[in-house]
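What follows is one structure encoded as structure tokens, with my remarks underneath.
The values are calculated or read from the model by the stated rules, or taken from the named source; none is laboratory data. These numbers come from a predicted model, not from an experiment. Here the Cβ is made from the backbone with ideal geometry for all residues, glycine too, and neighbour counts use every protein chain on show.
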């Protein structure tokens with residue numbers, strides 16, 4: 001009985017620690033001392049540090065003589081030909097492996113496949129139809145469609161004949177559609193569904209440049225391909241040959257989380273260089289004919305689109321999911337070796353596993369497994385490897401916890417990349433410790449998505465987003481702003497010279513607006529965003545990101561927005577995750593069917609959130625701590641205008657829409 005009680009006590013302690021998802025780590029030996037000592041010693045060094053995480057592509061980190069700033073860069077695969085275009089990414093695949101399956105996707109509930117040759121033929125027949133329709137080189141086409149095979153065909157066809165794709169998210173509003181059509185001067189708007197067509201109704205009258213709206217659900221793609229039969233191969237090839245690498249091929253709109261969306265001008269060279277560099281840098285992954293990738297993020301987003309191009313240029317097979325709702329079943333079909341995702345997806349994977357384990361013995365076992373994985377990676381990060389005791393403890397949980405997670409992701413994953421937003425370091429540490437190969441990267445629309453990444457073989461650095469992507473250089477300015485240079489950095493914002501001029505330094509580096517630091521091995525860490533920086537009435541500078549991240553570790557919290565600019569103290573607005581809230585309520589013996597408004601005012605719910613607010617406050621000074629928080633009765637969404645299409649919180653709108661609440665409840669005026 002004593003042994004059983006001892007084991008139970010241990011599991012309870014582990015459960016309490018796992019509930020904070022990384023608030024505490026068990027360092028054995030001298031791991032903690034080594035971590036800080038090694039870093040300070042490196043930071044004192046002025047000698048260049050050269051690391052080679054892929055043979056022939058060194059990463060060099062040194063103090064730049066001209067700027068005096070610590071700078072890191074990774075060698076790329078060299079300049080692409082002047083006439084290389086996005087069309088060539090598909091044509092190369094069709095030439096090298098014409099009869100091998102390239103795309104897999106569902107149609108009428110059944111998975112079907114298209115070879116590289118069939119895919120290229122679909123692109124060419126669509127491109128011919130666009131020529132027949134009178135699309136000229138340099139004409140803009142606004143395109144609204146969810147991630148699908150059709151998205152790839154239309155996109156590649158427009159680019160093949162020199163058109164310019166203006167991306168529209170499939171969830172964008174009627175107002176956003178019109179803004180993009182007008183800003184891009186699109187003459188043609190292609191939408192996927194009849195519902196999207198309804199949103200666009202009237203746009204021809206309201207948008208001066210727009211001449212036609214085509215709907216794929218009404219047969220527009222088949223119509224284009226039918227008319228394409230009247231256009232010869234010679235005419236198409238002549239047009240394709242006239243397109244050059246430096247020609248504009250897309251205007252991609254930023255999420256608009258802090259201001260109106262800006263159109264980022266992208267050339268064929270931007271996308272082709274990125275694909276060329278990635279395939280050269282990780283040939284073992286992307287050169288594997290038996291490998292596969294599962295795409296499910298919106299391709300209107302630079303991240304998904306750039307990765308699709310790279311995979312099209314590679315040898316791996318491309319599976320296209322129906323969406324987030326079918327992701328689990330799609331994973332079992334695709335069994336991907338490579339996958340890209342956003343933090344929200346990985347949070348849901350973790351929460352689903354935690355809920356499945358429950359709150360009894362299985363729940364305590366899962367909680368202990370979480371901490372064992374985190375402790376393992378903490379020691380790997382700080383001293384290069386974990387000690388024997390920690391390694392054995394982690395190994396005990398592999399067959400009973402970790403292996404099922406890997407199987408849920410298809411069982412073959414070698415490289416899973418999280419991007420688009422910061423991933424909670426504790427969550428990343430758990431997945432890596434569980435041998436689920438989640439790696440973090442960093443990038444922006446303006447850098448053709450990734451400008452930093454964590455390749456296979458690079459060491460785990462807790463909290464880092466990795467090294468400079470091949471072909472990029474990264475430095476951190478004196479005020480902490482991350483600045484980027486490279487061949488895949490954009491040149492200008494569309495019809496916005498003022499924003500373009502303010503986005504580049506005098507020596508031509510793109511100023512990202514993000515805050516971070518570099519270590520002397522070239523690993524980048526993101527610490528916040530300049531525009532989000534809070535300056536309290538007392539003059540204290542507070543970066544809200546880390547605090548929000550900690551509060552959002554609660555399984556029942558969806559979003560946390562930390563506030564306090566020009567206010568007397570720091571506060572937070574919190575929303576609840578209904579999907580995880582209801583089983584949590586049931587596990588506590590509470591009414592799982594209570595309304596979200598009632599849950600927001602429930603003392604037990606508030607106490608749960610308070611635990612994570614306290615955890616966040618433990619890591620900061622009193623001036624930076626959250627003194628007060630309010631749980632809102634509605635989550636942020638695109639429908640209520642508080643989330644962007646890429647799921648970023650629109651902070652200014654959150655503040656303005658809750659102004660009365662903030663002024664009367666959060667910050668009560670002094671009488």
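What about residue 226, is it part of a helix (DSSP H, G or I), in contact (Cβ under 8 Å) with a residue 24 or more places away in the chain, surrounded by fewer than 13 Cβ atoms within 10 Å (Cβ to Cβ) and on the phi < 0 side of the Ramachandran plot?
No; evaluated as a whole, the condition is false for this residue.
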message: Looking at the structure I just gave you, is residue 514 surrounded by 19 or more Cβ atoms within 10 Å (Cβ to Cβ) and out of contact with any strand residue (DSSP E or B) (no Cβ under 9 Å at 6 or more places or on another chain)?
response: no
task: Kindly indicate which of 537, 499, 511 is in contact (Cβ under 8 Å) with a residue 12 or more places away in the chain, more than 30 Å from residue 52 (Cα to Cα) and not assigned by TED's automatic domain parsing to the domain that holds residue 647.
output: 499
message: Being surrounded by 19 or more Cβ atoms within 10 Å (Cβ to Cβ), over 23 Å from residue 445 (Cβ atoms) and in contact (Cβ under 8 Å) with a residue 12 or more places away in the chain narrows it down to one residue among 160, 166, 140, 220; which is it?
response: 220
task: Take segment 609-628 and flag every residue that is buried (at least 21 other Cβ atoms within 10 Å of the Cβ) and assigned to a strand (DSSP E or B).
output: 626
- prompt: Counting only residues that are farther than 20 Å from residue 197 by Cα, in a helix (DSSP H, G or I) and touching a helix residue (DSSP H, G or I) at 6+ places or on another chain (Cβ under 6 Å), how many does segment 124-168 have?
  reply: 10
message: Among (1) exposed (fewer than 15 other Cβ atoms within 10 Å of the Cβ); (2) modelled with pLDDT of 95 or more; (3) closer than 17 Å to residue 329 by Cα, there is one condition residue 105 misses while meeting the rest; what is its number?
response: (1)
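For segment 643-671: of the residues being assigned to a loop (DSSP other than H, G, I, E, B) and at pLDDT 90 or above, which is nearest to residue 302 (Cα to Cα)? Working first, answer last.
Of segment 643-671, the ones assigned to a loop (DSSP other than H, G, I, E, B) are 644-648, 650, 658, 667-671.
Still in the running and at pLDDT 90 or above: 658, 667.
Numbers: 658: 31, 667: 39 Å.
In this case the residue turns out to be 658.
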- prompt: Among the residues of segment 549-598, which ones are more than 13 Å from residue 629 (Cβ to Cβ), in contact (Cβ under 8 Å) with a residue 24 or more places away in the chain and touching a helix residue (DSSP H, G or I) at 6+ places or on another chain (Cβ under 7 Å)?
  reply: 553, 555, 556, 578, 580, 581, 583, 596
- prompt: How many residues does segment 574-590 hold that are in contact with a strand residue (DSSP E or B) (Cβ under 8 Å, 6 or more places away or on another chain) and surrounded by 22 or more Cβ atoms within 10 Å (Cβ to Cβ)?
  reply: 3
- prompt: Limited to segment 60-99, what total is found for residues that are surrounded by fewer than 16 Cβ atoms within 10 Å (Cβ to Cβ) and in contact with a helix residue (DSSP H, G or I) (Cβ under 6 Å, 6 or more places away or on another chain)?
  reply: 2
field: Given (1) within 25 Å of residue 482 (Cβ to Cβ); (2) within 23 Å of the chain's Cα centre (by Cα); (3) part of a loop (DSSP other than H, G, I, E, B), number of the condition residue 520 does not satisfy
entry: (2)
query: Got a sec? Which strands (runs of 3 or more DSSP E) wholly within segment 362-476 have at least 3 residues that are closer than 30 Å to residue 492 by Cβ?
result: 442-444, 449-453, 464-468, 472-476
query: Any idea how many residues of segment 191-208 are loosely packed, with under 15 Cβ neighbours inside 10 Å and in a loop (DSSP other than H, G, I, E, B)?
result: 3
query: If you scan segment 494-513, which residues turn out to be outside any loop (DSSP other than H, G, I, E, B) and closer than 12 Å to residue 482 by Cα?
result: 504, 510, 511, 512, 513
message: Among (1) at pLDDT 95 or above; (2) in contact with a helix residue (DSSP H, G or I) (Cβ under 9 Å, 6 or more places away or on another chain); (3) buried (at least 23 other Cβ atoms within 10 Å of the Cβ), there is one condition residue 452 misses while meeting the rest; what is its number?
response: (2)
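Residues checked against (1) surrounded by fewer than 20 Cβ atoms within 10 Å (Cβ to Cβ); (2) touching a strand residue (DSSP E or B) at 6+ places or on another chain (Cβ under 7 Å); (3) modelled with pLDDT under 90:
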residue	(1), (2), (3)
494	no, yes, no
521	yes, yes, no
527	yes, yes, yes
548	no, yes, no
560	no, yes, no
563	no, yes, no
query: If residue 663 passes every condition in (1) within 13 Å of residue 561 (Cβ to Cβ); (2) more than 21 Å from the chain's Cα centre (by Cα) but one, which one does it miss?
result: (1)
